[in-house]
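Structure, as structure tokens:
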């Protein structure tokens, strides 16, 4: 998750609730084992949308700088008129009635990642991304759990991981999410937790990941997100990501004991 990985080309196959993802990843070490260039291409297919993107990330010790470009095909675009409610209850009614449409849009992103270890058992992971999202205004973002306009979306996720080699890592998570909506910037503050472990179906070459974020009405500028934030399908002011990843080596080399590094 956070350490430089063995060099080579790898196929990552993910079961991402509710969908599947295939990703090809090429890792190039730069000036020793702690720096690397990571190139990826992936396609993600879920029930509400499909997206495909290309990524690059340059890791320099504990700091990574990267970017992405891609497009999304939304099978279930929920679009709301100006002044129309955007609460979870109303979105669920619109979704259940089949009042959605298909839209496509492109996006691109720049991001920075800081992986700061305190000791062998604690690590701070912070990822901040600035993304331009195309598409119509006042549409539900299935990833962010929020209705937004097209434009710049800023998302910063910070997790304090507590690690153990026999289990993996878990810890509290904080998110600041800033989206354009109705001509204004709306900044939500979300809280939750992240758990990552190694099921061992493929020795050390797999991961199980769960992240849950909850909004208790927390937002900046007097905006009340209590009835707005969250995935309306699951009747709550929360979002979650649940995924299982299996890693297959396509081309080495790998160093001795590399399998043990996947959760270092």
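General observations
- Here segment 219-235 is the region considered, the condition is being surrounded by fewer than 17 Cβ atoms within 10 Å (Cβ to Cβ) and free of Cβ contacts under 8 Å to residues at least 60 places away in the same chain, and the residue that is nearest to the chain's Cα centre (by Cα) is 234.
- Unique match (being more than 27 Å from residue 103 (Cβ to Cβ) and in a strand (DSSP E or B)) among 153, 179, 195: 195
- Selection within segment 102-132 - more than 15 Å from the chain's Cα centre (by Cα) and either crowded, with 19+ Cβ neighbours inside 10 Å or farther than 25 Å from residue 173 by Cβ (or both): 102, 103, 104, 105, 106, 115, 123
- Verdict on residue 198 being at pLDDT 90 or above and over 15 Å from the mean Cα position of the chain (by Cα): yes
Condition check ((1) out of contact with any helix residue (DSSP H, G or I) (no Cβ under 7 Å at 6 or more places or on another chain); (2) in contact (Cβ under 8 Å) with a residue 40 or more places away in the chain; (3) surrounded by 16 or more Cβ atoms within 10 Å (Cβ to Cβ)) across all residues:
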position	(1), (2), (3)
5	no, yes, yes
8	yes, yes, yes
31	yes, no, no
43	yes, no, no
46	yes, yes, yes
54	yes, no, no
57	yes, yes, yes
73	yes, no, no
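- Odd one out for residue 200 among (1) free of Cβ contacts under 8 Å to residues at least 24 places away in the same chain; (2) under 30 Å from residue 71 (Cα atoms): (2)
- Cβ pairs under 6 Å, 6+ apart, first in segment 91-113 and on the phi < 0 side of the Ramachandran plot and free of Cβ contacts under 8 Å to residues at least 40 places away in the same chain, second buried (at least 17 other Cβ atoms within 10 Å of the Cβ) and assigned to a loop (DSSP other than H, G, I, E, B): 94/78; 100/78; 103/135
The values are calculated or read from the model by the stated rules, or taken from the named source; none is laboratory data. Here the structure is a predicted model, which is why all the values come from computation and not from measurement. All Cβ positions, even for glycine, are placed from backbone atoms using ideal geometry, and neighbour counts span all protein chains on display.
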